[in-house]
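A.B. asks: I have a structure here, written as structure tokens, and I will follow up with some questions on it.
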Amino acid sequence: MKIGCPKEIKPQEFRTGLTPNGAREAVAHGHDVLVETGGGAGAGFPDEDYIAAGARIASSAEEIFAWADMIVKVKEPQPVERKMLRAGQVLFTYLHLAPDADQTRDLLASGCTAIAYETVTDANGTLPLLAPMSEVAGRLAPQVGAWTLQKANGGRGVLMGGVPGVGPARVVVIGGGVVGTHAARVAAGMGADVTVLDRSLARLRYLDDVFGRDFKTSYASAGNTIELVREADLVIGAVLVPGAAAPKLISRAQLSEMKPGAALVDVAIDQGGCFETSHATTHRDPIYEVDGIMHYCVANMPGAVARTATIALGNATMPFMLALADKGWRQACEDDPNLLNGLNVHAGHLTYYAVGKALGIDVLSPSLALKQ
Ligand SMILES: NC(=O)c1ccc[n+]([C@@H]2O[C@H](COP(=O)([O-])OP(=O)(O)OC[C@H]3O[C@@H](n4cnc5c(N)ncnc54)[C@H](O)[C@@H]3O)[C@@H](O)[C@H]2O)c1
């Protein structure tokens, strides 16, 4: 198969869809790989690394889109990229179609077959191509929280681990899923006093079993939440209610009950945020203050650590990418229902029910799409 990886063009996106190691594996499987010049640079992969892996370098995205059977990317195709997609071409990338009617319309019009990273599942029903980015954002959250707590950034001037004779920062993590667990582990590793809140007792039991010595757990009732938040130096918001906007767990009025200069890191901002006063920010201007409380609300946190994030994403996508390339998308999806769950668009049909419901578009069942 001809596998093409264009340079990402969404503002401030430094990740790339194919690492040199991914290219090497694809070449070893007998596929041709074409990568746009400079595409890996943001993640620290020069063109020479791809050439050494057996890939060829293209001078433009146009060349890649015109040549490739399958396009591998990170972010959803931008309007100029959507115009270059064509019938019969496979697109494998994050799409997030439900809130994006324009992109959905363009993908349907292109006739391409689009498989979305975010809806591919695994045997446990979790989302293996979203998890690496949650791991990255989770581990990054205490790091940016610690920075936000520094005096020059408007914070309380509290050091995460304290020092001998001075107690550590109190960190509250709301939501103990993938993001929350990784955030709590790193915050505890920095020496902070950490409590994780969740509404799932099963999850709290798991966290207590595995990490009981590193951090505490608490049931996320409204009462427990505000009690802990009042005493916190840093609060990390990491909740997810699948298919819904994030619930607002700290109101504006409650900010006045917090310690002045305390920091809120709202990782759930990509689902609307779990604090009433959150609004999305960028890596260029990540923090702002409301009523004396510092907010960090960057919607694409993994972009800050593009190299780690690119490698982590590549590790997760590689087996699926190779299956698509080795077998062709139809056979690969027929053999693997988890990959079939990733099918969102095929030959002018929408094939993912939640997106159809969100956008009011008829859906062709994915199993019927396999026969078209
Ligand atoms: N900003 C970023 O760059 C970035 C990157 C990755 C993930 N995220 C977001 O982080 C959030 C968490 O993702 P995840 O992968 O950890 O999800 P997850 O499903 O693994 O975990 C979510 C947890 O929240 C808990 N929860 C739900 N409602 C709650 C409530 N009211 N109070 C307390 N806990 C509650 C659930 O029980 C679950 O354990 C999502 O919104 C995700 O989109 C953001």
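The values are calculated or read from the model by the stated rules, or taken from the named source; none is laboratory data. What you are looking at is a predicted structure, and each value in this text was computed from that prediction instead of being measured. Positions of Cβ are backbone-derived with ideal geometry, glycine not excepted, and every protein chain shown enters the neighbour counts. For the accessible areas, the whole protein counts, side chains as well, though only heavy atoms, and no ligand, DNA or RNA atoms are used. Shrake-Rupley method; radii C 1.70, N 1.55, O 1.52, S 1.80 Å.
A.B. asks: Restricting attention to the range 77-88, report how many residues are of a type outside the set (A, V, I, L, M, F, W, C) and crowded, with 20+ Cβ neighbours inside 10 Å. Before the answer, list the steps.
C.D. replies: In the first step, residues of the range 77-88 are kept if they are of a type outside the set (A, V, I, L, M, F, W, C); the result is 77-79, 81-83, 86, 88.
Subset that is crowded, with 20+ Cβ neighbours inside 10 Å: 77, 81.
Residues that pass the stated criteria total 2.
A.B. asks: For W147, only one of the following conditions fails: (1) in contact (Cβ under 8 Å) with a residue 60 or more places away in the chain; (2) touching a Gly at 6+ places or on another chain (Cβ under 9 Å); (3) hydrophobic (A, V, I, L, M, F, W, C); (4) closer than 24 Å to T281 by Cβ. What is its number?
C.D. replies: Looking at each condition in turn, W147 falls short on (1).
A.B. asks: Let me ask something else. Given the structure, is A114 away from the ligand (no atom under 15 Å from the Cβ), of a type in the set (A, V, I, L, M, F, W, C) and part of a loop (DSSP other than H, G, I, E, B)?
C.D. replies: Details: away from the ligand (no atom under 15 Å from the Cβ): yes; of a type in the set (A, V, I, L, M, F, W, C): yes; part of a loop (DSSP other than H, G, I, E, B): no.
It is false that A114 is away from the ligand (no atom under 15 Å from the Cβ), of a type in the set (A, V, I, L, M, F, W, C) and part of a loop (DSSP other than H, G, I, E, B).
A.B. asks: Let me ask something else. Failed condition for A98, given (1) modelled with pLDDT of 95 or more; (2) surrounded by fewer than 23 Cβ atoms within 10 Å (Cβ to Cβ); (3) not in a helix (DSSP H, G or I), with all others met?
C.D. replies: Going through (1) modelled with pLDDT of 95 or more; (2) surrounded by fewer than 23 Cβ atoms within 10 Å (Cβ to Cβ); (3) not in a helix (DSSP H, G or I) one by one, A98 breaks only (1).
A.B. asks: Step by step: first the residues of the range 232-283, then only those that are hydroxyl-bearing (S, T, Y) and more than 29 Å from P11 (Cβ to Cβ), then the one that is farthest from the ligand (Cβ to nearest atom). Which residue is that?
C.D. replies: Step one: filter the range 232-283 for residues hydroxyl-bearing (S, T, Y), giving 251, 256, 277-278, 281-282.
Imposing the further condition that a residue be more than 29 Å from P11 (Cβ to Cβ) reduces the set to 251, 256.
On the way: S251: 14, S256: 22 Å.
Among those residues, the one meeting the criterion is S256.
A.B. asks: I'd like the full set of residues that are within 13 Å of I174 (Cβ to Cβ) and acidic (D, E), limited to the range 190-221.
C.D. replies: Selection gives D198 alone.
A.B. asks: Is at least one residue of the range 194-217 more than 30 Å from N124 (Cα to Cα) and either more than 16 Å from the ligand (Cβ to nearest atom) or not hydrophobic (A, V, I, L, M, F, W, C) (or both)? If you could, list the steps in order and put the result at the bottom.
C.D. replies: Taking the range 194-217 first, the residues more than 30 Å from N124 (Cα to Cα) are none.
The answer is no, given that none of the residues of the range 194-217 is more than 30 Å from N124 (Cα to Cα) and either more than 16 Å from the ligand (Cβ to nearest atom) or not hydrophobic (A, V, I, L, M, F, W, C) (or both).
A.B. asks: Restricted to the range 188-216, and to residues that are without any contact (Cβ under 8 Å) to a residue 12 or more places away in the chain and more than 25 Å from the chain's Cα centre (by Cα), which residue is surrounded by the most Cβ atoms within 10 Å (Cβ to Cβ)?
C.D. replies: Checked the range 188-216; the qualifying residue surrounded by the most Cβ atoms within 10 Å (Cβ to Cβ) is D208.
A.B. asks: Can you pull out every residue in the range 126-152 that is over 17 Å from the mean Cα position of the chain (by Cα) and assigned to a loop (DSSP other than H, G, I, E, B)?
C.D. replies: L149, Q150
A.B. asks: Can I ask one more? What are the pairs with Cβ atoms under 9 angstrom where one residue, in the range 281-297, is over 15 Å from Q143 (Cβ atoms) and open to solvent by 30 Å² or more (accessible area, probe 1.4 Å) and the other, located anywhere, is within 14 Å of the ligand (Cβ to nearest atom) and assigned to a strand (DSSP E or B)? Sequence gap at least six, or different chains.
C.D. replies: Correct list of pairs: T282/V298; Y288/T281; Y288/H295; Y288/Y296; E289/H295.
A.B. asks: Within the range 117-140, restricting attention to residues that are of a type in the set (S, T, Y) and in contact with a helix residue (DSSP H, G or I) (Cβ under 6 Å, 6 or more places away or on another chain), which residue is farthest from the ligand (Cβ to nearest atom)?
C.D. replies: Filtering the range 117-140 down to residues of a type in the set (S, T, Y) leaves 117, 119, 121, 126, 134.
So of that shortlist, the ones also in contact with a helix residue (DSSP H, G or I) (Cβ under 6 Å, 6 or more places away or on another chain) come out as 121, 134.
Numbers: T121: 13, S134: 3 Å.
Taking the candidates together, the pick is T121.
A.B. asks: Also, quick follow-up: K371: more than 22 Å from the chain's Cα centre (by Cα), free of Cβ contacts under 8 Å to residues at least 24 places away in the same chain and over 21 Å from L18 (Cα atoms), yes or no? Walk me through how you get there before you give the answer.
C.D. replies: Details: more than 22 Å from the chain's Cα centre (by Cα): yes; free of Cβ contacts under 8 Å to residues at least 24 places away in the same chain: yes; over 21 Å from L18 (Cα atoms): yes.
Yes.
A.B. asks: Another question, if that's okay. G22 fails exactly one of the following numbered conditions: (1) assigned to a helix (DSSP H, G or I); (2) surrounded by fewer than 18 Cβ atoms within 10 Å (Cβ to Cβ). What is the number of that condition?
C.D. replies: The one condition G22 does not meet is (2).
A.B. asks: Conditions: (1) of a type outside the set (S, T, Y); (2) buried (at least 20 other Cβ atoms within 10 Å of the Cβ); (3) not in a helix (DSSP H, G or I). I361 meets all but one. Number of the miss?
C.D. replies: Answer for I361: the failing condition is (2).
A.B. asks: Anything in the range 141-178 that is open to solvent by 20 Å² or more (accessible area, probe 1.4 Å), within 27 Å of S221 (Cβ to Cβ) and within 16 Å of the ligand (Cβ to nearest atom)? List them, or say none.
C.D. replies: Residues satisfying the conditions are G177, V178.
A.B. asks: Within the range 1-19, count every residue that is more than 18 Å from the chain's Cα centre (by Cα), among the hydrophobic types (A, V, I, L, M, F, W, C) and part of a loop (DSSP other than H, G, I, E, B).
C.D. replies: Total meeting the criteria: 1.
A.B. asks: Show the residue pairs that are 6+ apart or on different chains and have beta-carbon atoms under 6 Å apart, the first residue being within the range 113-137 and in contact (Cβ under 8 Å) with a residue 40 or more places away in the chain, the second being more than 8 Å from the ligand (Cβ to nearest atom) and part of a strand (DSSP E or B).
C.D. replies: Taking only residues 6 or more apart or on different chains, the pairs are T113/V90; T113/H346; A114/L91; A114/N344; A114/V345; I115/F92; I115/L343; A116/N344.
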